[in-house]
Amino acid sequence: MIMMGNFALLVFLAFASMQLLCIAADHDAAIFYDSFEEPFNGRWIVSDKDDYKGIWEHSKSEGHDDYGLLVTEKARKYAIVKELEEPVNLRDGTTVLQYEARFQNGLECGGAYLKYLRPQEAGWKPKEFDNGSPYSIMFGPDICGLTNKVHFILKQKNPKSGEYVEHHLIDPPRVPSDKLSHVYTAILKPDNEISILIDGEVKKKGNFLSAQDFDPPIIPAKTIPDPNEKKPEDWDDRVRIPDPNAVKPDDWDENAPMEIEDMEAVKPEGWLDDESEEIDDPEATKPEDWDDEEDGVWEAPKIDNPKCQTAPGCGEWKRPMKRNPAFKGIWNPPLVDNPNYKGIWKPRDIPNPNYFELDKPYFDPIAAIGIEIWTMQEGILFDNILIAKDENVAQSYRDTTWKPKFVVEKEKQKAEEEAAGSDDLGGFQKKVFDVLYKFADIPFLSKYKLQILDFIEKAEKQPNLTIGVLVSIVVVILTAIFMLIFSGKKQQPRVEKKTEVAADTSNDQGSSGEKPAEEEKEEEKENETGGAAPRQRRRDT
């Protein structure tokens with residue numbers, strides 16, 4: 001047994017040694033790598049341009065001993081750059097760009113993308129790094145307002161015009177909406193394929209030379225609309241036109257108003273014509289320090305006229321307005337097909353003077369890596385920036401630097417969500433029980449009250465049975481309703497007879513001036529909406 005144990009220990013140590021050797025080999029295979037375990041001062045240069053006031057910090061990732069480059073303040077511009085020892089050629093073989101970013105305070109409005117700078121002009125200094133510093137590739141998450149994407153932008157020089165053009169990857173992936181660490185990877189392959197990975201999973205694939213994958217296309221169109229051609233003056237592109245033979249009807253009144261006074265409306269009885277809706281507050285007194293010369297003539301504040309509270313209305317009564325049945329509006333002739341329609345005009349195509357062909361994009365080398373962002377939030381952490389020529393190297397870094405952190409963060413997030421969900425469920429169940437207790441007190445369920453209370457007590461003791469208990473109580477309630485309806489049907493003839501007598505009695509009462517409360521409410525509604533204009537108080541206008 002001891003020998004077996006020693007053998008297992010030797011196997012484990014051998015395996016661990018091989019892993020360390022592989023990791024070391026991967027690190028040697030990296031063209032550039034920065035883990036930020038050491039302070040960045042001296043290696044990364046902060047821009048001294050006036051626009052960039054944001055303070056960078058060498059800080060631990062929340063919940064880990066792993067360090068990164070931290071954005072410390074919100075509503076600031078940040079710029080920092082690291083020059084590479086040698087420019088990286090992107091035209092030969094595969095190139096992998098990878099780094100980690102974490103929105104520790106959640107996603108609000110901020111960018112966390114990297115700029116891979118091409119060689120700068122002679123005399124350029126890292127402290128001069130800003131938004132105008134030319135780059136070859138921009139890559140990474142950006143979110144604010146309607147923008148939510150993991151950018152990939154290639155800036156390529158047009159060999160015909162000599163101008164640099166930004167080519168944006170179409171339909172890039174969305175940014176993960178959480179507070180976890182995520183690793184972003186762009187793989188540029190020699191067959192012109194571009195892959196964007198988030199957390200090692202391919203989220204977008206495209207081809208650099210495809211017009212469907214980049215906007216504008218990296219290879220321009222062979223033809224373009226002639227910029228010098230203009231639409232002829234006699235070109236008619238109206239599909240339908242007003243009927244020239246149509247005539248306005250003789251009885252069409254364009255001047256009829258949209259609304260007219262309702263002449264059938266009658267001023268409600270009890271309307272107080274001589275009372276104002278608001279009166280001076282009788283309890284208000286002029287302040288002792290009031291100066292009429294400086295403050296003007298003092299006026300008491302207004303209050304609602306108490307006499308108007310019980311009256312249907314106060315002040316001058318006006319008839320309400322109603323829709324004018326004679327209103328027709330401005331007359332317009334009907335539309336008919338245009339006999340002179342020539343279709344939608346467009347200029348003819350001509351050869352594109354800036355057209356060119358490429359076997360692969362023209363990538364400028366990467367001479368430096370820069371972070372130049374404007375963000376409305378703090379707490380963005382950058383980490384483990386990598387440039388490599390092998391996808392396996394990038395995967396090894398993901399497995400050893402990112403994944404262990406992500407697993408810990410994910411488990412913590414899951415525990416928090418479960419705890420929050422449990423609290424929410426407990427609160428929800430309490431509300432359900434409160435409602436059920438009220439149901440038990442309904443008079444027509446009195447026969448089943450003890451049964452319902454028994455069900456509720458069982459659910460309170462065993463919350464996992466809540467759904468089953470709810471179903472049972474619903475069955476009891478439906479049974480009670482069914483029994484009530486069924487028993488009511490047996491007595492239906494006698495009830496109808498009484499109802500008829502009651503109806504006759506109510507009609508007699510109505511003719512003598514006495515009206516049920518329901519009818520009075522209906523008449524009050526009619527008076528408010530039709531017979532009387534609703535009162536408007538000065539404070540409401």
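The values are calculated or read from the model by the stated rules, or taken from the named source; none is laboratory data. As the structure is a prediction and not an experimental result, all values here were calculated from the model. With ideal geometry, Cβ positions are generated from the backbone for all residues, glycine too; neighbour counts draw on all protein chains shown. Only protein heavy atoms, including side chains, enter the accessible area calculation; ligands, DNA and RNA are left aside. Shrake-Rupley method; radii C 1.70, N 1.55, O 1.52, S 1.80 Å.
Quick notes on this structure:
- Across the stretch 240-256, the number of residues qualifying as in a loop (DSSP other than H, G, I, E, B) and surrounded by 10 or more Cβ atoms within 10 Å (Cβ to Cβ) comes to 7.
- Within the stretch 257-268, considering residues that are in a loop (DSSP other than H, G, I, E, B) and in contact with a strand residue (DSSP E or B) (Cβ under 8 Å, 6 or more places away or on another chain), the one surrounded by the most Cβ atoms within 10 Å (Cβ to Cβ): Asp262
- Verdict on Pro287 being of a type outside the set (S, T, N, Q) and surrounded by 10 or more Cβ atoms within 10 Å (Cβ to Cβ): no
- Residue check: Gln377 meets all listed conditions (1) buried (at least 17 other Cβ atoms within 10 Å of the Cβ); (2) at pLDDT below 95; (3) out of contact with any Gly (no Cβ under 6 Å at 6 or more places or on another chain) but one, namely (3).
- Cβ pairs under 9 Å, 6+ apart, first in the stretch 273-284 and open to solvent by less than 50 Å² (accessible area, probe 1.4 Å), second β-branched (Val, Ile, Thr): Glu278/Ile303; Asp281/Ile303; Ala284/Ile303
- Strands (runs of 3 or more DSSP E) (entirely within the stretch 151-235) containing at least 2 residues that are assigned by the TED database to the domain that holds Leu117, farther than 25 Å from Arg348 by Cβ and at pLDDT 95 or above: 164-169, 181-188, 193-198, 201-207
- Applying the criterion of at least 3 residues that are farther than 30 Å from Glu259 by Cα, in contact with a His (Cβ under 6 Å, 6 or more places away or on another chain) and in the same structural domain as Leu154 (by the TED database) to the strands (runs of 3 or more DSSP E) found wholly in the stretch 301-370 leaves an empty list.
Condition check ((1) open to solvent by 70 Å² or more (accessible area, probe 1.4 Å); (2) among the basic types (Lys, Arg); (3) assigned by the TED database to the domain that holds Ile198; (4) without any contact (Cβ under 8 Å) to a residue 24 or more places away in the chain) across all residues:
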position: Asp50; (1), (2), (3), (4): yes, no, yes, yes
position: Ser59; (1), (2), (3), (4): no, no, yes, no
position: His64; (1), (2), (3), (4): no, no, yes, no
position: Trp124; (1), (2), (3), (4): no, no, yes, yes
position: Ser133; (1), (2), (3), (4): no, no, yes, no
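- Any hit, the stretch 414-430, residues being part of a helix (DSSP H, G or I), modelled with pLDDT of 75 or more, surrounded by 11 or more Cβ atoms within 10 Å (Cβ to Cβ) and not small (Gly, Ala, Ser): no
- Counted residues, the stretch 12-48 - those being over 22 Å from Lys403 (Cα atoms), at pLDDT 50 or above, open to solvent by less than 80 Å² (accessible area, probe 1.4 Å) and not in a loop (DSSP other than H, G, I, E, B): 3
- All positions within the stretch 171-204 that are farther than 20 Å from Asp92 by Cα and open to solvent by 50 Å² or more (accessible area, probe 1.4 Å): Asp171, Arg174, Ser177, Lys179, Glu201, Val202, Lys203
- Check on Val297, open to solvent by 70 Å² or more (accessible area, probe 1.4 Å) and in contact (Cβ under 8 Å) with a residue 60 or more places away in the chain: no
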